[in-house]
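Worksheet: the structure to be examined is printed underneath.
Just so you know, all these numbers are worked out from the coordinates, no wet-lab data involved. Given the structure is predicted, the values throughout are model-derived calculations rather than measurements. So basically every Cβ, Gly included, is an ideal-geometry build from the backbone, and we count neighbours across all protein chains shown.
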Amino acid sequence: MSATSYRLHATRLIAGRELRSTVFGIGIYIVMTIAFVLASYGVNSFLYNISQNGALAMPSPLLLPLFVAVFLSSLYLGLLSSLTISRERDQGTLEVLFYGPVDSFSYVMGKFIEQMLVFGVFILFNLVFFAFVALITNFGFSLDIIWLLLISFFVAASVVAFGIFLSSITKSSRASVFLFILFMAFFIGFFWGYSTLMGIPDKELSAGMIYLRQALDYLRRVIEWVSPLEYLNRGALAVASSSVSGFFAAVGESLAYGVVLLAASIFFFNRKGVKK
Amino acid sequence: MVMRTEGKVMVRRLLLGLLLAGTVAGAQLVVAPGQSGAATGAADQATVAGDTQSPAEGTQSSSNGTQPAGNGNASSGSESNKSASGSTLAPWEKDMPQPTEEELKGEGVPEKEKQLVYSLSPWTATEKEPYGGTFVPKSESTFFLLADHPSLVNPVRTEVYYWPITKEYMADWFGFREDVPGKLEILQNGKVIKTLEKVKYTYKYGGEDWSQAPTLIVGEEAVKEYQAYNDAMDAYYKAMTKYYEDYDAWNKYMEKLIKRVQQTGKPAKPEEIPEAPKQPEPPKIYVTEPTEAFLVNLPAGEYEIRTVKDGKVVPDSEKKLVVVAPRRQGIGYVVVPESKWTRPFTSDDRSQLLYTWGSRTLYIGVFDSLEYNRYAYTRLTQVHVPLAGKGTETQWQWVQTKERTDVRLQLVKNGDVIQEIVRQPFYVKQTPGYALGYQIVPFDEKDPEMQGQKPTLWGFRVVVPEGEGYQIRVVDAKGNVLPESVRDIRSVAQQGPWALYAVSAFPLVVGGLIYGLRRTRVPRRKPLPV
């Protein structure tokens, strides 16, 4: 057996073991239920607005709830990957594993592939849920939903890679989870704040708010390359405006983002070692 | 008893206080007319200083040299009872600190600065207001124009001031205005690509409908148009003069005729009664006096501009010009739901489907739309507002440019046209009685209720039935479908919110089943035999 075969074998074993553990656990089902309850709330809000106005024009009302559901799911996976790696380091499991035929590459890739397979399960459930919602609300199950689910896979890969990256640079599980939550809360808060501010007309903004908007706009030019939420947003906008080039650009960008973070994670694992 | 005595004392003090206050206020009221500035200033200073002395005490203290320093007005006033500005001072005012010229000017009068600015009339691409109005102050280095359509740019020297209330620069065009002669050079990458001469231009208003936007006329045509307008106005005034003369003559004749009829008692013959002169109609147009500006028409790109006179660049005339083109174009709809006619909404592109709650009646306006960068489009007409559009550099916005009146709207079901609708006027009629309510009916001039009124709205009336597979689209005069006009219509299902929440729980059910299945398959641990 060559070194590559050993690596792939180890990767497959790690991914398989973790996948079984996650799928047979109850955690992901609880997260999915929470995501779907939030999505249902969003869909009901749209229905209420339409009923109040008589008619409304908008892109598919399912896109935003789907956006929320897939991002919440990918956050869970990112958090899970960050937590499990740090915990295995804390408990010394990682050190034991690395005495065997496991190296940084096979370990990181095993974790990553496992999380992506779990996200595949998420996508399957999302597909069923939103198809059903489209049916009972008559919002229509458009191709846009498929495209958004497709791009969400790559974005989830970015979030998971982000979680793995954080666990590779921190020493304790507490620190990596704290950092992950902090970053994601910041990304979500920034995204929400920026979107809200952009929706307010100039005339209704004070000078201070306009300066804040400008500052956020400058900051966004950096954050849009760091925050996985921005990748998902770009993809969703491309889907909503039927921009094929925009869609593939978003896929390529999130893919590159994930690859860079995974490579960085392997680099830091090698550099810092696996001892606690 | 004690309380009653105290009450009397308090009333006395109050009355005394009121009398004193009345004396001072009355005296101020006597002084105020004609010298409001000085009087108000002095009063304000006394208030700020917290001076509670009586007028007499004030005079005494001033003689002690307790006046604030740096104000010579009071001492000069004490000699001649005149302030520095020559106004008469009240006896108690002569020794009070008088405001300086600067103080009199106040903080509400902004500082003006003579600047070379570019006065702009940028083309906005909209039918309702095709040309905006703004100027590029010295502090702004960049301005925006829209591509492939002429806009007017004119270098002018004027007085500019910042108006903090609306946070914008303003130009005192009527106070000082001086056109800057010369040519306009347009550069790209440091090379002059165009040199423009000033051209005459004018705006023509009116015609059939005064509410329509003015037309820009440039070159010799502008002069001719203005001349034609002037000739028409002269002819109108002459006709009016003649009308008044004729009317006067007719009036005198009629007075005589009436007098005769009254004296003789015999009615006048019909041929004796002349027709009253008709008042001439004024011209239905208004043309502004031609002025000169540079007509800038460039493709999208970044440029530099400068004004050149005798081969030399005029100081402060160099600016960066960004010419923008739309990112996308499409057909936009303005939809007025019958149930909320005052709350219209828009559907700007194909991705914005129409969702209805049951069967609905919609009044739809069709527009050509262009999508521009939000920042550039805002700055286009608001260069003089430093904060306008800041922070929206990465945003886009749809601009409805022209209402399409030459098209028909089709209601389509599963690919088949089931109705073709023409644009028509409608009138919103209030329902009788005290309760609120209205009806939207086709506008009919002959209807007594609508006589002398104008249509409330124009549009295509679409009754969207409940069901699936409906679309609206627009066809031109030849019957060609405008591709960007297609919109799906979906009538959403009217059901309660709990159905969705119930469906949300299905992962939990699946998870529970898997968890239970696993528990049954994994053998239970048995205690080790002792």
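With a sphere of radius 13 Å drawn around the Cβ of residue A:233, what net charge do the other residues whose Cβ falls strictly inside it have (Lys, Arg +1; Asp, Glu -1)?
On the way: positive: A:220, A:234; negative: A:224, A:230, A:253.
Neighbourhood net charge equals -1.
Computed over the range B:110-325, relative contact order equals 28 percent, with contacts defined as Cα pairs under 8 Å that lie 6+ residues apart. Taking a ≥ b ≥ c as the square roots of the eigenvalues of the Cα gyration tensor, an a/c ratio of 1.5 or more together with a/b no larger than b/c marks the range A:223-263 as oblate.
For the protein assembly as shown, the equivalent ellipsoid derived from the alpha-carbon gyration tensor has semi-axes of 67, 46, 33 Å in decreasing order. Spin-label pair residue B:195-residue B:466: with each label point 7 Å from Cα along the Cα-Cβ axis, the two points sit 7.4 nm from one another.
Can you check what the Kirkwood hydrodynamic radius comes to for the range B:110-325, Cα pairs only, in Å to one decimal?
Numbers: mean 1/r = 0.0468 Å⁻¹.
When all Cα pairs of the range B:110-325 are included, the Kirkwood radius is 21.3 Å.
Among the lysines of chain A, pairs that are 8 or more positions apart or on different chains and have alpha carbons within less than 25 Å of each other number 7. With a Förster radius of 30 Å, plug the Cβ-Cβ distance of residue B:279 and residue B:458 into 1/(1 + (r/R0)^6) and report the FRET value to the nearest 0.05. Using R0 = 30 Å, I get an efficiency of 0.40.
In the range B:468-502, which trypsin sites (Lys or Arg not before Pro) are in a loop and have at most 11 other Cβ atoms within 10 Å, using DSSP for the loop call?
Numbers: sites: B:473, B:478, B:487, B:490; in loops: B:478.
Passing sites in the range B:468-502 are B:478.
Peptide B:505-518 has a mean of 5 when you count, residue by residue, the C-beta atoms of other protein chains within 10 Å of its C-beta.
For the pairs B:183/B:319; B:128/B:413; B:340/B:429; B:138/B:167; B:138/B:402; B:242/B:269, note any where the Cα-Cα span goes beyond 23 Å. All intermediate terms of the calculation are to be shown ahead of the outcome.
Details: B:183/B:319 14 Å; B:128/B:413 34 Å; B:340/B:429 14 Å; B:138/B:167 16 Å; B:138/B:402 34 Å; B:242/B:269 27 Å.
The pairs that break the limit, which is 23 Å between Cα atoms, are B:128/B:413; B:138/B:402; B:242/B:269.
Counted by Cβ distance under 11 Å from residue B:134, the other residues give a net charge of -1, where Lys and Arg count +1 and Asp and Glu count -1. For the residue pairs B:112/B:200; B:194/B:224; B:194/B:320; B:320/B:390, alpha carbon separations beyond 19 Å are given by B:112/B:200; B:194/B:224. Filter chain A for me: DSSP H helices, axial length by Cα at least 27 angstrom, mean Kyte-Doolittle hydropathy not below 0.5. List them by residue number. Long hydrophobic helices here: A:27-53, A:63-91, A:104-137, A:143-169, A:173-198, A:244-272.
Normalised by the residues of chain A, what does the relative contact order come to in percent, with Cα pairs under 8 Å and at least six apart?
Numbers: 307 pairs, mean separation 74.7, N = 276.
Across chain A, relative contact order equals 27 percent.
Using helices alone, what [θ] at 222 nm do you get for chain A, with -39,500 (n - 2.57) per DSSP H run of 4 or more residues, divided over all residues and rounded to the nearest 500? Please report the intermediate quantities before stating the final value.
Numbers: 10 runs with 230 residues, N = 276.
That comes out to -29000 deg cm²/dmol.
Is there a simple number for the mean count of other chain Cβ atoms within 10 Å of the Cβ of residues in B:360-367, and what is it?
Working: counts 4, 2, 2, 0, 0, 0, 0, 0.
Counting Cβ atoms of other protein chains within 10 Å of each residue's Cβ and averaging gives 1.
Excluding same-chain neighbours fewer than eight residues apart, the aspartates and glutamates reachable from residue B:191 by a Cα-Cα span under 15 Å are B:302, B:304, B:318.
Summarising the label geometry, the points placed 7 Å from Cα in the beta-carbon direction at residue A:272 and residue B:431 lie 7.0 nm from one another.
Taking 0.36 nm per residue of separation and subtracting the current Cα-Cα distance, fully stretching the chain between residue B:243 and residue B:419 would add 57.9 nm.
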